[in-house]
Amino acid sequence: MTASLSRGGTLLLAAIAGTAIANNYALQPALTTVARDLGAPLSMIGLVPAAALSGCVLGFAFLLPLTDHHAPHRLVSAQLTALATALALAASAPGAAVLLTAYLFVGAAAGVAAQAGNIAGRNAPHGRRGTGVATVAAGMSAGILLSRMVGGALTDLLGWRRMLLVFAALALLGALAAARLLPRQRPHSRSGYRATLVSLPPLLRQHPALRRAVATGGLWYFAFNLVWVSLALALADQPYGLGPTAIGMYSLAGLLGFAVLPLTGRLVDRHAPQTLITAGILTAASGVALLATGLDTPPVTAAGLALFDAGCFAAQAANQSRVIALDPARSGGLSSVYLVLYFTVGALGTSLAAPLLDAAGWPGVTLTALGALLLAVPVGRMKLRMVDGEGGARAVDAGGEGSAAAGRTGDIR
């Protein structure tokens, strides 16, 4: 049994999540500046976001399950210290190879943001899991959105290397706060860390709802990364030729996504997550439809980004809450499987951005993103089949994993 987090503890986790995950995105507006400074091709420096996301996948696979085994105050503070160290390495990088290597470690350590969400969901008071997860998700969304603006502004003011050192200092402050204020109770685990890792792959077979969450979430995260990375590259190129600060300012359009998350959390605690997920996906698709009209009219672009981010963030908060509810005692393992695959698909979107933009232009980017979002709707509602212990099969609808599972873990409609 775990102690309930206070509201202050949940807000601290939200702040940690936001400042940590920001490091995956803060350098994006400055990619052309970094390439010029290091004398490296933009095609190579453009892989920095993909390196960060790849590192996140490794962190989710090997570090996120630690939330089932270690006290939050030690685990979070240690990972934030590692994040600060990786950022310092990136800031001193003499060339592209060292920078890409450093960002693998940055991404892995920035995965503490997912640990924060899992800790908040696991330790939430009864009936408030969705609110706790959404609060941390709001912090993450703020970090993602503001990271590009802050990163761009600091790059123009201090240079990209000092900008990374500022983020390293924030990570160290978070480590100190986590060590003092987060719960010190170690979770009761039914198995050791190694056994937990071995047990992760079978979770996909055991939980049809987890497979559905991975499929739908991966599709909208693919679209999310494809659009934002392509946007940064397109605005830096002609005919726009915008600098890092101006590119980062477009992130402010996504503040609508931040604003809707507290409401999303309350709705998840009261209604079926799948309904909110579908609404979020359709909202994001409407935003991409606006973006498809082009980037020549900033107010239209801003409106499209606002709807796009709001839909993606709301869907993610509902989806992750549903994953944790499958088995709260194993939420670290379940979240690990979900996020490893979720970010793997997202990394594909990041890697595809530059070549797709070059080959098909902005219309090709938006058409691909729109297709991924619209595909997520029927995938999220499809019926799955699972094999029971006696070799039989039973259908599982889009709402959950059957009444027996719902009785064990709470409502996961």
### Separation in nanometres of the label points that stand 7 Å from Cα toward Cβ, at residue 173 and residue 194
4.2 nm
## Note on the structure
Expressed as a percent, the portion of alpha-carbon pairs in segment 159-247 spaced more than 24 Å apart is 62 percent
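Remind me, relative contact order of segment 20-138 in percent, using alpha carbon pairs under 8 angstrom and six or more residues apart? Each step should come with its number before you reach the end.
Details: 136 pairs, mean separation 40.7, N = 119.
Worked out over segment 20-138, it gives 34 percent.
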### Task
Work out how much length residue 62 to residue 92 would gain on full extension: take 0.36 nm times their residue separation and subtract the Cα-Cα distance, in nm to one decimal.
8.1 nm
### Message
Need one word for segment 280-374: rounded, prolate or oblate. Basis is the Cα gyration tensor (sqrt eigenvalues a ≥ b ≥ c); a/c below 1.5 gives rounded, then a/b vs b/c decides.
### Response
oblate
### residue 327 - accessible surface, heavy atoms, 1.4 Å probe, Å² rounded to 10
40 Å²
### segment 312-366 and segment 195-220: distance between their alpha carbon centers, rounded to Å
13 Å
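The values are calculated or read from the model by the stated rules, or taken from the named source; none is laboratory data. Remember, it's a predicted structure, so these values are computed and weren't measured experimentally. Neighbour counts are summed over all protein chains in view; Cβ atoms, including those assigned to glycine, are modelled from backbone coordinates with ideal geometry. Quick note on the areas: whole protein, heavy atoms, side chains included, nothing else; ligands and nucleic acids left out. Shrake-Rupley method; radii C 1.70, N 1.55, O 1.52, S 1.80 Å.
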